[in-house]
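For reference, the structure is listed below as structure tokens.
Just so it is clear, none of the values below were taken in a lab; they were calculated from the coordinates. Note that this is a predicted model, so its numbers are computed, not measured. Please note: Cβ atoms are built from the backbone with ideal geometry, for glycine as well, and neighbour counts cover all protein chains shown.
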Amino acid sequence: MSVRPTAFGPDERVTIWHDEFQHGGSVPLADVKQTKNADGSPNPFWLELVCPATRVNARGQTVPCGSVSLHPVGGGADPVMVQRLFVRAIRATRGGTFREAKVVARNLIETVGELHRWRLDDASDDDR
Ligand SMILES: [Zn+2]
């Protein structure tokens, strides 16, 4: 889990940290994309986080880091933060309330048979 979400702002952004290079930054939630299936269709069960920081390459040039980590809806090593990311990303694209976005995320987790990993509070209308 090397490029991972660490915080969410009130401004519809997610703060990302890249463990391997010890750097990070923030991106709009609208830029957090679903992965694609082999046929090019979006896969709602995975989100792709792209490191927004820059790094200096072997030629001394500053280039976008661009490292990518894929996060499953069940949350992998950090269920709470990744599930919160799904809820916020779903809300950013579909609109509606946090409670409605949690229903969508919870259904995705149930579909992949990982409902036991669900960590968020269905009753609260925030992302926790
Ligand atoms: Zn990076």
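Specify the residue with the greatest mean-square fluctuation among Ala89, Ala38, Ala101, computed from a Gaussian network of the chain linking alpha-carbon atoms under 10 Å apart.
For the chain, modelled as a Gaussian network with Cα springs under 10 Å, the answer is Ala38.
Could you work out which residue, out of Gly25, Gly40, Gly96, moves most in a Gaussian network model of the chain, that is, has the largest mean-square fluctuation with Cα springs under 10 Å?
So, out of Gly25, Gly40, Gly96, the one fluctuating most is Gly40.
Taking the Cβ-Cβ separation of Asp126 and Lys36 as r and a Förster radius of 25 Å, what is the calculated FRET efficiency to the nearest 0.05?
0.25
Taking R0 as 30 Å, what FRET efficiency do you get between Glu48 and Val103 from their Cβ-Cβ distance, rounded to the nearest 0.05?
0.85
Mind listing the Cα extents of the range 3-117 along all three principal axes, in Å, largest one first?
So the extents along the principal axes, rounded to whole Å, are 47, 34, 25.
Counting other beta carbons within 10 Å of each residue's own, what order do Cys51, Cys65 fall into, fewest first?
Exposure proxy ranking, most exposed first: Cys65, Cys51.
Take the Cβ-Cβ distance between Phe21 and Val80 as r, set R0 to 30 Å, and report the resulting FRET efficiency rounded to the nearest 0.05.
0.80
On a full-extension model of 0.36 nm per residue, what is the gain between Leu115 and Ala7, subtracting their alpha-carbon distance, rounded to one decimal in nm?
36.5 nm
May I have the pair-distance distribution P(r) for the range 38-87, computed from all Cα-Cα distances with 5 Å bins from 0 and rounded to whole percent?
5, 18, 19, 17, 14, 12, 10, 5, 0
If I stretch the segment between Arg94 and Asn57 completely, what's the gain in nm (0.36 nm per residue apart, minus their alpha carbon distance), one decimal?
Extra length available between Arg94 and Asn57 comes to 9.5 nm.
Where is the GNM fluctuation largest for the chain (alpha-carbon springs, 10 angstrom cutoff): Pro52, Pro64, Pro44?
Pro64
Can you give me the angle between helix 79-94 and the longest principal axis of the chain, using Cα atoms only, in degrees from 0 to 90, rounded to the nearest 10?
The angle comes out near 80 degrees.
Specify the inter-centroid distance of the range 52-115 and the range 4-43, based on alpha-carbon positions, in whole Å.
Cα centres, the range 52-115 to the range 4-43: 6 Å.
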